[in-house]
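The values are calculated or read from the model by the stated rules, or taken from the named source; none is laboratory data. Small disclaimer: the values here were computed from a predicted structure and weren't measured. As a convention, Cβ positions derive from the backbone with ideal geometry for all residues, glycine included, and neighbour counts pool all protein chains shown.
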Amino acid sequence: MKPQPIRGMNDILPEATATWSHLESIVKDVVESYGYREIRLPILEQTELFARSIGEATDVVEKEMYTFTDRDGDSITMRPEATASMVRAGISNGLLHNQRQKLWTEGPMFRHEKPQKGRYRQFHQVDVEALGYAGPDVDAELIMLCARMWQRMGLDRLNLEINSLGTAETRATYREALIEYFSGVKNQLDEDSIRRLDKNPLRILDSKNPEMQALIEGAPVMLEYLDDESAAHFGDLKSMLDAAGVDYRVNPRLVRGLDYYNRTVFEWVTDALGSQGAVCSGGRYDGLVEKLGGKPTPAIGWAMGVERLVMLYEACGGRTPASAPDVYIVAVGSEALNYCLALAEQIRDGVSGVKVELNLDGGSFKSQLKRADKSGAEYALIMGEDEIANGKIGMKPLRSKDDQISIALEDVVTTLAGKLEKKAE
């Protein structure tokens, strides 16, 4: 029996990895241009971290986490998201003591969900967080950062939805209003909504069950329960987005699935991926740092699923960047191979960013030339006994009908650099 990957955990093959790397490089370039610094976090955390931060009544904690007892008897969880780990890192490393931090990270997360297109048990997220910033200006900047990423990636099938959840106090008042409303129609609720009614009624608003939508439409609206300060914060955010030319839709049913959110919440959604429409989601969590043992610290962030981003990029016609070598070296005979091993290093030293593939494992001249053409390289450099004797090497264009030329060995690096530079223009 052939070994198989664990269900919902996928290999990312070289052809796909080229697209991943391309998009990740854009993400890194854009987020760091806004002053965010990369942090790398452990995959394993104490289970209590997620129970306290995400909320014990959430589906993530109740149903989806990969949790086990280690050999020391501690309950350990493979991270289902990165925000709690980011806050934990800030507290445990003293990053938030009289400081503000703009941080980002990227890596695998784990949730035991039913695998489907765009939703896997091991998935990858980019996570961007601003810790210590209270005003709506950072909310607007984080959203504008996303808009710049979409522009750089050539994505045009994304729409922004925003909402405000107010403070913990106004959210508690709203919670009671939801309980009263849904209790009055309890006989019409589905099983998930009945379970959520007492524990986390806001999650009922996030139900994807079509039979629940009419009831949800009739539920009280969060924005009507906002305190004055939260309403002003949300109004200022909308004004800033208007001034920046960022289109959005206020979605009063947007609640996000984790307990720690307050005030601003937002999602970038698409119609290009079927039911898995959310590509990037985030919001404020001003009480989370204090809840996890730190000093009161305002904070906001967002997370983006890389798998869904790749799917959207391909749906929008994005092309995988070429990963072919620039030059393939054909070496016929042991003496030629010995020389070309050193020549390949000289080319890598002398031509910035060049990709060089040297034929390995021998083969006839004809078979090596076939490999060179199959590699996708722009040029083949050809060396055999005659070339060694003459102190020259052949350069054969593989992607044009230009003639093969002979180059003195001492001129290989400069000639190749010139041709590749001209090709790039």
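Listing for the model above:
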{"quantity": "Close pairs from the stretch 45-64: first over 19 Å from Leu197 (Cβ atoms) and touching a residue at least 40 places away in the same chain (Cβ under 8 Å), partner among the polar types (S, T, N, Q) and part of a helix (DSSP H, G or I), Cβ under 6 Å, at least 6 apart", "calculated": "Glu45/Ser85"}
{"quantity": "Scope the stretch 74-121; condition more than 13 Å from the chain's Cα centre (by Cα) and assigned to a strand (DSSP E or B); matching residues", "calculated": "Ser75, Ile76, Thr77, Met78, Gln101, Lys102, Leu103, Phe110, Gln116, Arg119"}
{"quantity": "Per-region count, the stretch 126-139, residues in contact with a Ser or Thr (Cβ under 9 Å, 6 or more places away or on another chain), surrounded by 21 or more Cβ atoms within 10 Å (Cβ to Cβ) and farther than 23 Å from Leu202 by Cβ", "calculated": "3"}
{"quantity": "Breaking point among (1) surrounded by fewer than 18 Cβ atoms within 10 Å (Cβ to Cβ); (2) basic (Lys, Arg); (3) over 30 Å from Arg40 (Cα atoms), for Arg171", "calculated": "(1)"}
{"quantity": "Strands (runs of 3 or more DSSP E) (entirely within the stretch 289-359) containing at least 3 residues that are closer than 30 Å to Trp268 by Cα, out of contact with any Lys or Arg (no Cβ under 6 Å at 6 or more places or on another chain) and touching a residue at least 12 places away in the same chain (Cβ under 8 Å)", "calculated": "299-305"}
{"quantity": "Number of the condition not met by Ser230 [criteria: (1) in contact (Cβ under 8 Å) with a residue 60 or more places away in the chain; (2) in contact with a Lys or Arg (Cβ under 9 Å, 6 or more places away or on another chain); (3) in a loop (DSSP other than H, G, I, E, B)]", "calculated": "(3)"}
{"quantity": "Of residues in the stretch 236-268 being in a helix (DSSP H, G or I) and of a type outside the set (Ser, Thr, Tyr), the one nearest to Ala84 (Cα to Cα)", "calculated": "Leu237"}
{"quantity": "Test for Val61: is it under 20 Å from Met304 (Cβ atoms) and among the β-branched types (Val, Ile, Thr)", "calculated": "no"}
{"quantity": "Scope the stretch 401-416; condition β-branched (Val, Ile, Thr) and either surrounded by 15 or more Cβ atoms within 10 Å (Cβ to Cβ) or closer than 12 Å to Val332 by Cβ (or both); matching residues", "calculated": "Ile407, Val412, Val413, Thr415"}
{"quantity": "Test: residue in the stretch 334-350 that is surrounded by 15 or more Cβ atoms within 10 Å (Cβ to Cβ), of a type in the set (Gly, Ala, Ser) and farther than 30 Å from Phe50 by Cα", "calculated": "yes"}
{"quantity": "Total residues in the stretch 148-171, condition in a loop (DSSP other than H, G, I, E, B) and hydroxyl-bearing (Ser, Thr, Tyr)", "calculated": "1"}
{"quantity": "Flag if Ile76 is farther than 30 Å from Gly274 by Cβ, at pLDDT 95 or above, in the same structural domain as Tyr261 (by TED's automatic domain parsing) and surrounded by 13 or more Cβ atoms within 10 Å (Cβ to Cβ)", "calculated": "no"}
{"quantity": "Failed item in (1) of a type in the set (Ser, Thr, Tyr); (2) at pLDDT 90 or above; (3) over 30 Å from Gly277 (Cα atoms), with Ser334 passing the rest", "calculated": "(2)"}
{"quantity": "Residue that is under 29 Å from Glu314 (Cβ atoms), of a type in the set (A, V, I, L, M, F, W, C) and touching a helix residue (DSSP H, G or I) at 6+ places or on another chain (Cβ under 7 Å), where the choices are Val246, Val269, Val255, Val265", "calculated": "Val246"}
{"quantity": "Residue ID - surrounded by the fewest Cβ atoms within 10 Å (Cβ to Cβ), chosen from residues in the stretch 9-33 that are aliphatic (A, V, I, L, M) and within 30 Å of Lys114 (Cα to Cα)", "calculated": "Leu13"}
{"quantity": "Every pair of residues 6+ apart whose Cβ atoms lie under 7 Å, when the first sits in the stretch 380-400 and is closer than 14 Å to Ile347 by Cβ and surrounded by 16 or more Cβ atoms within 10 Å (Cβ to Cβ) while the second is acidic (Asp, Glu) and at pLDDT below 90", "calculated": "Ile393/Glu387"}
{"quantity": "In the stretch 152-166, residue farthest from Tyr34 (Cα to Cα) [restricted to those that are touching a helix residue (DSSP H, G or I) at 6+ places or on another chain (Cβ under 9 Å) and surrounded by fewer than 18 Cβ atoms within 10 Å (Cβ to Cβ)]", "calculated": "Arg157"}
{"quantity": "Any hit, the stretch 28-36, residues being in the same structural domain as Asn262 (by TED's automatic domain parsing), among the small types (Gly, Ala, Ser), assigned to a helix (DSSP H, G or I) and over 21 Å from Tyr261 (Cβ atoms)", "calculated": "yes"}
{"quantity": "Check on Ala322, closer than 30 Å to Met153 by Cα, within 28 Å of the chain's Cα centre (by Cα), hydrophobic (A, V, I, L, M, F, W, C) and assigned by TED's automatic domain parsing to the domain that holds Lys102", "calculated": "no"}
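Per-residue answers, yes or no, for (1) modelled with pLDDT under 90; (2) in contact with a Pro (Cβ under 9 Å, 6 or more places away or on another chain); (3) more than 23 Å from Ser21 (Cβ to Cβ):
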| residue | (1), (2), (3) |
| --- | --- |
| Ala322 | yes, no, no |
| Gln346 | no, no, yes |
| Ser367 | no, no, yes |
| Leu381 | no, no, yes |
| Glu410 | yes, no, yes |
